[in-house]
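J.: Have a look at this one.
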Amino acid sequence: MSGIEQATPRLKLIQRVALTMLVVAGVVNYIDRATLAVANPLIREELGLSIADMGYLLSAFLWAYAFAQLPTGAMVDRLGPRILLTLGLSLWSLAQLLGGLVQSFGQFFGARVLLGLGEAPQFPTGARVVRDWFNQRDRGLATGVFNCASSLGTAIAVPLLTFLMLTFGWRAMFVIMGVAGLIVAAVWYSLYRNPHELALTQQENRYRTQGDPPGQRTKVTFREWKLLFRFRTTWGMVFGYFGCIYLTWIYTAWLPGYLEIERHMSVKYTGWAAAVPFACGVIGGVFGGYIADMLVRRGVAPLKSRSYPAAIALLGTAACTVAAAYVSSNALAIAFISLSLFLVYVTSTCAWALSSVAVPTNCTASIGAVQNFGGYLGGALAPTVTGLIAQKTGSFVPALVVGALIGVVSAGCYLFAVDRPITASDMDAMSDPQMHPLKVGASPTE
């Protein structure tokens, strides 16, 4: 393939190390999120907490995580992935360690808020690492690899944490995971380097940037961050990801309960049945990245190579969610739920891959974090809305249908709002006070 730069052996090593560390950190990230859910009964008994108290503790993480996305993405673009992920890992691991030492509801609430704040840089960091070290035609699969950590961590969390809790106690489980995270933080800081920290050759720099628009900047300004909110593409990504994470968290928060309450499965069988769909999510996350890269190599515009598969997979998730709700066979229900998780992680990977092609380089983590903020507003609402609907109607079926409808609307956002990339010249033009607000997101020919 004449004219197309290839990664040098050194770049390939950097890429492998970076992705491996991102997956390890992401798995720890998702395991740490699950500690409270796994230890729920023992914590309530020892600290004398009500079910409502536990609900507040569970939601404290989600809301803190969602709102921390807004400044975190800009900080990653400003300071670089090496510093921000080190700080994030250290903070959330310290919060996890403190979770094993708490003596009251208030202390636990504070620890969960810190956990949400600390975990916020994880995925914006991954988006920026992929943008920094991979050519445009290779970024989809790389995104799928780091993004699969979310479903992989979820699949590993319950059996691993249950073993630690039963062997050492719930407090020791929190402390062990906190120490493990601090070790990962130290390894990341020791091994990872931002591109400007290495003496790269001309060939290596050409590979990293070939296909990107010219005139790329390296650091984001506050003005540029604010300007992102004036583009239709940004809002399409925000509302598109809202539906993706809403559906993801219906299953993350309620799958075991749904299988036990609605499907009358035994607790023993539910543990295995609930793990299968999330294992399918791992495959879906990687597959989504493969599809995005394949489309780019076949001449599809980079933005469309992400937005179209994201929309199609989200529509498929909605259809499979409705099918799972209405089929009478438990085996068929598990099959449809597994396909739902496979497809929703295709959407998730394509959404994160959008971050590397939808905006100038210096805004990559910023747009990813803004998108993730929208997603986790959906993630924070999904467990509560699903529980309320199920309680009021006596069935999970209406709640699953509502989730599917939200998914359809979000798919429409990817199809019709994420229609063109935001360029540096677009942002310069938008900063012009004479620029009419109705022109936001308009194509250059309009």
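J.: Angle between the Cα long axis of helix 139-168 and the longest principal axis of the chain, 0 to 90 degrees, nearest 10?
T.: Helix 139-168 sits roughly 20 degrees off the main axis of the chain.
J.: In whole Å, how far is the Cα centre of the range 269-294 from that of the range 343-368?
T.: The two parts, judged by their Cα centres, are 19 Å apart.
J.: Under the Karplus relation 6.51 cos²θ - 1.76 cosθ + 1.60, θ = phi - 60°, what is the ordered set of whole-Hz ³J(HN,Hα) values for the range 275-292, x standing for Gly and Pro?
T.: Values per residue, Gly and Pro as x: 6, 4, x, 6, 5, 5, x, 4, 5, x, x, 5, 4, x, x, 4, 4, 4 Hz.
J.: Per residue, how much accessible surface does the chain expose to a 1.4 Å probe? Answer in Å², no decimals.
T.: Roughly 40 Å² per residue, with all protein chains present.
J.: Mind grabbing the base-10 log of I(q)/I(0) for the chain at q = 0.07, 0.09, 0.12 Å⁻¹? Debye formula, identical points on the C-alpha positions, no solvent, two decimal places.
T.: Debye output, listed in q order: -0.33, -0.55, -0.98.
J.: Val408 to Arg297: FRET efficiency via 1/(1 + (r/R0)^6), r the Cβ-Cβ distance, R0 25 Å, to the nearest 0.05?
T.: Efficiency at R0 = 25 Å is approximately 0.25.
J.: Could you work out the equivalent-ellipsoid semi-axes for the range 198-330, taking the square root of 5 times each eigenvalue of the Cα gyration tensor, largest first, in whole Å?
T.: 39, 18, 16
J.: Per DSSP H run of n ≥ 4, the term is -39500 (n - 2.57); total these for the chain, divide by its residue number, and report the mean residue ellipticity at 222 nm rounded to 500 deg cm²/dmol.
T.: -27000 deg cm²/dmol
J.: Can I ask one more? Please give the solvent-accessible surface of Ile291 in Å², to the nearest 10, using a probe radius of 1.4 Å with every protein chain present.
T.: Counting only protein heavy atoms, Ile291 exposes about 30 Å² to solvent.
J.: 5 Å is the cut-off here: which amide hydrogens, built 1.01 Å from N in the peptide plane, fall below it relative to Val359, excluding neighbours closer than 5 in sequence?
T.: Long-range HN contacts for Val359: Ile422.
J.: Ok, one more. To the nearest 0.05, how large is the calculated FRET efficiency for Lys304 and Asn40 if R₀ is 35 Å and r is the Cβ-Cβ distance?
T.: 0.20
J.: Each residue of the range 184-189 in turn: what ³J(HN,Hα) in whole Hz from Karplus with 6.51, -1.76, 1.60 and θ = phi - 60°, glycine and Pro shown as x?
T.: Coupling constants for the range 184-189: 4, 4, 5, 5, 4, 5 Hz.
J.: Take the chain, connect every pair of alpha-carbon atoms lying under 10 Å apart with a spring to form a Gaussian network, then pick out the residue of Gly243, Gly181, Gly73 with the largest mean-square fluctuation.
T.: Between Gly243, Gly181, Gly73, it is Gly181 that shows the largest mean-square fluctuation.
J.: Can I ask one more? Among Ala149, Val38, Ile4, whose Cα sits farthest toward the positive end of the charge dipole of the chain (+1 at Cβ of Lys/Arg, -1 at Cβ of Asp/Glu, about the Cα centre)?
T.: Ile4
J.: Considering all alpha-carbon pairs of the range 38-115, what whole percent are spaced by more than 17 angstrom?
T.: 50 percent
J.: So what is log10(I(q)/I(0)) for the range 210-260 at q = 0.22 1/Å, when the Debye sum runs over its Cα atoms only?
T.: Relative scattering, expressed as log10 I(q)/I(0), comes to -0.90.
J.: Follow-up. At 1.4 Å probe size, with the rest of the protein present, what percent of the exposed accessible area of the range 107-198 is carbon and sulfur atoms?
T.: Roughly 76 percent of what the probe reaches on the range 107-198 is carbon or sulfur.
J.: Most fluctuating residue of Ser329, Ser150, Ser395 in a GNM of the chain with Cα springs under 10 Å: which is it?
T.: Of Ser329, Ser150, Ser395, the Gaussian network model singles out Ser329 as fluctuating most.
J.: Moving on to the next point. Work out from phi, with θ = phi - 60° and the Karplus expression 6.51 cos²θ - 1.76 cosθ + 1.60, the ³J(HN,Hα) of each residue of the range 295-300, listed in order in whole Hz, and give x for Gly and Pro.
T.: With coefficients 6.51, -1.76 and 1.60, one gets 5, 4, 5, 9, x, 6 Hz.
J.: Roughly how far apart, in whole Å, are the Cα centres of the range 29-91 and the range 142-214?
T.: The range 29-91 and the range 142-214 have Cα centres spaced 16 Å from each other.
J.: For the range 134-267, what value does the Rg/Rh ratio take when both radii are computed over Cα atoms and Rh is the Kirkwood radius, given to two decimals?
T.: Here the Rg-to-Rh quotient is 1.07.
The values are calculated or read from the model by the stated rules, or taken from the named source; none is laboratory data. Quick caveat: nothing in here was measured; it's all calculated off a predicted structure. For neighbour counting, all protein chains shown are included, and Cβ atoms are generated from backbone atoms with ideal geometry for every residue, glycine included. Side chains are part of the model used for accessible areas, which takes the heavy atoms of the whole protein and leaves out ligands, DNA and RNA. Shrake-Rupley method; radii C 1.70, N 1.55, O 1.52, S 1.80 Å.
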